[in-house]
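Enquirer: Let me give you the structure first, and then I'll get to my questions.
The values are calculated or read from the model by the stated rules, or taken from the named source; none is laboratory data. Please read all numbers here as calculations on a predicted model, not as lab measurements. Quick reminder, even Gly has a Cβ in these numbers, built from the backbone with ideal geometry, and neighbours come from all protein chains shown. Only protein heavy atoms, including side chains, enter the accessible area calculation; ligands, DNA and RNA are left aside. Shrake-Rupley method; radii C 1.70, N 1.55, O 1.52, S 1.80 Å.
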Amino acid sequence: METAEFLHALDTEGELLAAAAEEAGTDAEVPTCPGWQMRDLLRHTGAVHRWAAAFVAEQLTERRPLVEPAGLDGAELVAWYRDSHRHLVGTLAGASPDVECFAFLPAPSPLAFWARRQAHETAVHRVDAESARGGSPTGVTPEFATDGIDELLRGFHARSRSRVRTPEPRVLRVRAQDTGAVWTVRLSPEPPVTTRDASGAAECELSGPAEELYLALWNRAPLPSATGDRALAALWREASAI
């Protein structure tokens, strides 16, 4: 996907998140984030938006702390979230393609990284907001979902902080049935190593439509299908939280 496509998704997802929050109210419990109410979700996601925008706008090259607002609530908090989201979209849309700033996953450029990361950050938390509101969640395209799976497996879980590890080498496969994308995740005492292929034998395979896998791998929905050693599927559930 191109940066412009991620920006469009980010714009849409943030509007949907705000609408769900407004409808549910800031007291609403968030079923997909146990222990959180909508106010926690808005404070966190809005703070992440402002944090991300600052790296690009100020061309910051070092990580800096995320600061969440403590006192905002109710309609004022929803309005603050909307402003945070609009600020992020405007900052990314107006940035130079070759802007240099901090990024924490491999990407063609820092701008490409932040557009992609914030699109998926917002999509996942929009699902959280809609779970608090109730009713069916808004869908995402198979292409967007496939990209999100790729970012999660080959980006987040390639980092040293991933807890998805096994004492002995094991192999997990993930297959998006509608887009044909396949990932092979090699587990060991070290961080997982994931390749975009179906090479070698796998001891467990997770499969389903890309959108269902996307939400399941982010622990927002049940796994659609697991064959083989289901202990590896259970390991994902237990250890993969970001």
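Enquirer: I need the full set of residues from the stretch 73-105 which are open to solvent by 10 Å² or more (accessible area, probe 1.4 Å) and either hydroxyl-bearing (Ser, Thr, Tyr) or at pLDDT below 95 (or both), in order please.
Expert: Correct list: Thr91, Ser96.
Enquirer: Do we have Thr138 as of a type in the set (Ser, Thr, Tyr), at pLDDT 95 or above, part of a helix (DSSP H, G or I) and in contact with a helix residue (DSSP H, G or I) (Cβ under 8 Å, 6 or more places away or on another chain) here?
Expert: So Thr138 fails the test.
Enquirer: Quick check on my filter: what residues within the stretch 185-210 are within 18 Å of the chain's Cα centre (by Cα) and over 14 Å from Glu151 (Cα atoms)?
Expert: Across the stretch 185-210, the qualifying residue is only Pro209.
Enquirer: For a quick check of your reading of the model, give me the residue pairs whose first member lies in the stretch 87-116 and is in contact (Cβ under 8 Å) with a residue 12 or more places away in the chain, whose second is open to solvent by 60 Å² or more (accessible area, probe 1.4 Å) and not in a loop (DSSP other than H, G, I, E, B), with beta-carbon atoms closer than 6 Å and at least 6 apart or on different chains.
Expert: Filtered contacts from the stretch 87-116: Val89/Asp11; Thr91/Ala57.
Enquirer: Taking the stretch 58-85, which residues are among the charged types (D, E, K, R), assigned to a helix (DSSP H, G or I) and touching an Asp or Glu at 6+ places or on another chain (Cβ under 9 Å)?
Expert: The one that is among the charged types (D, E, K, R), assigned to a helix (DSSP H, G or I) and touching an Asp or Glu at 6+ places or on another chain (Cβ under 9 Å): Arg82.
Enquirer: With respect to Thr122, determine if the residue is touching a Leu at 6+ places or on another chain (Cβ under 7 Å) and outside any helix (DSSP H, G or I).
Expert: No.
Enquirer: OK, next. Could you please let me know if Thr166 is more than 19 Å from the chain's Cα centre (by Cα), at pLDDT 95 or above and not small (Gly, Ala, Ser)?
Expert: Considered against the rule, which asks whether it is more than 19 Å from the chain's Cα centre (by Cα), at pLDDT 95 or above and not small (Gly, Ala, Ser), Thr166 comes out as yes.
Enquirer: Identify the residue in the stretch 167-226 that is of a type in the set (Lys, Arg) and in a strand (DSSP E or B) and, among all such residues, is least open to solvent (accessible area, probe 1.4 Å).
Expert: Arg173
Enquirer: Which of the numbered conditions does Leu7 fail, given that it passes all the others? Conditions: (1) open to solvent by 10 Å² or more (accessible area, probe 1.4 Å); (2) within 19 Å of Leu72 (Cβ to Cβ); (3) part of a helix (DSSP H, G or I).
Expert: The one condition Leu7 does not meet is (2).
Enquirer: Give me the pairs: first residue in the stretch 151-170 and under 13 Å from Thr194 (Cα atoms), second residue assigned to a helix (DSSP H, G or I) and among the charged types (D, E, K, R), beta-carbon distance under 7 Å, and six or more apart or on different chains, which are they?
Expert: Short answer, once both residue conditions are applied: Glu151/Arg116.
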